[in-house]
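One structure below.
Coordinate-derived values only; no laboratory data. Just so it is clear, the model here is predicted, and its values are computed rather than measured. Virtual Cβ from ideal backbone geometry, glycine too; neighbours counted across all protein chains shown.
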Amino acid sequence: MAKQKAPAWQWSEDGLNFRTRKWVRPEDLNANGSLFGGSLLKWIDEEAAIYAIVQLGNYRAVTKHISEITFEASAVQGDLIEIGLQATRFGITSLTMRAVARNMITRKRILTIEKIVFVSLDEHGMPTPHGYDEITYERDRMPTERIATGTIRLPSA
Ligand SMILES: CC(C)(COP(=O)(O)OP(=O)(O)OC[C@H]1O[C@@H](n2cnc3c(N)ncnc32)[C@H](O)[C@@H]1OP(=O)(O)O)[C@@H](O)C(=O)NCCC(=O)NCCS
């Protein structure tokens with residue numbers, strides 16, 4: 001029998017790729033026994049930070065603004081959550097992203113965040129131009145130094 005093609009929504013939606021998955025553990029639950037919103041927001045903020053670092057080539061990228069959030073559905077212990085992010089605007093020092101979180105088990109959308117804004121900072125903690133105006137799908141902007149240990153020694157090609 002021919003293998004059935006998976007519905008498109010399972011992997012992407014409106015230009016969003018769902019690369020990050022989380023498992024709802026006991027420590028992620030609220031007093032109602034469902035997913036604690038703070039855990040989900042932490043996962044999204046962390047994912048957005050990594051996305052911003054990869055896009056802006058600067059590990060000094062901080063959350064500046066998160067737009068209105070409405071929780072549409074939830075999850076329970078053991079559910080699998082997937083998070084999709086997309087850059088929607090490259091500013092001078094900022095990067096704006098859109099985020100969607102979905103429950104892979106119930107196939108319901110948990111939330112959409114239209115704007116998550118990160119700002120690229122210099123070594124003094126001031127906004128600094130990042131110089132980019134489009135998304136990279138490569139790893140060509142990866143930082144080559146880090147705060148803790150200085151220069152990263154990359155393996156020779
Ligand atoms: C990030 C920080 C240095 C920016 O300082 P600032 O005085 O707001 O800087 P600017 O006014 O120059 O704005 C920087 C960028 O953010 C954008 N921005 C500022 N306020 C914004 C808002 N409310 N919504 C969306 N974007 C905003 C600006 O448009 C600008 O983008 P651009 O350069 O691409 O045009 C400062 O606000 C800060 O340190 N905040 C704490 C960040 C942090 O620690 N986050 C982690 C959570 S605790």
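Some points to look at:
- Selection of first residues in the range 94-121 that are touching a residue at least 24 places away in the same chain (Cβ under 8 Å) and at negative phi and of second residues that are within 13 Å of the ligand (Cβ to nearest atom) and acidic (Asp, Glu), restricted to Cβ pairs under 6 Å at least 6 apart or on distinct chains, gives the following pairs, ordered by first then second residue: 98/114.
- Whichever residue in the range 110-123 is under 17 Å from residue 143 (Cα atoms) and within 11 Å of the ligand (Cβ to nearest atom) and, among such residues, is nearest to the chain's Cα centre (by Cα): 118
- Of the residues making up the range 91-109, those that are polar (S, T, N, Q) and either under 17 Å from residue 59 (Cα atoms) or within 16 Å of the ligand (Cβ to nearest atom) (or both) are 93, 94, 96.
- For the range 124-134, the candidate set comprises residues that are within 20 Å of residue 146 (Cα to Cα) and exposed (fewer than 15 other Cβ atoms within 10 Å of the Cβ); within that set, the residue that is farthest from the ligand (Cβ to nearest atom) is 131.
- Annotation: of all residues in the range 135-146 being in a loop (DSSP other than H, G, I, E, B) and of a type in the set (Lys, Arg), the one that is nearest to the ligand (Cβ to nearest atom) is 141.
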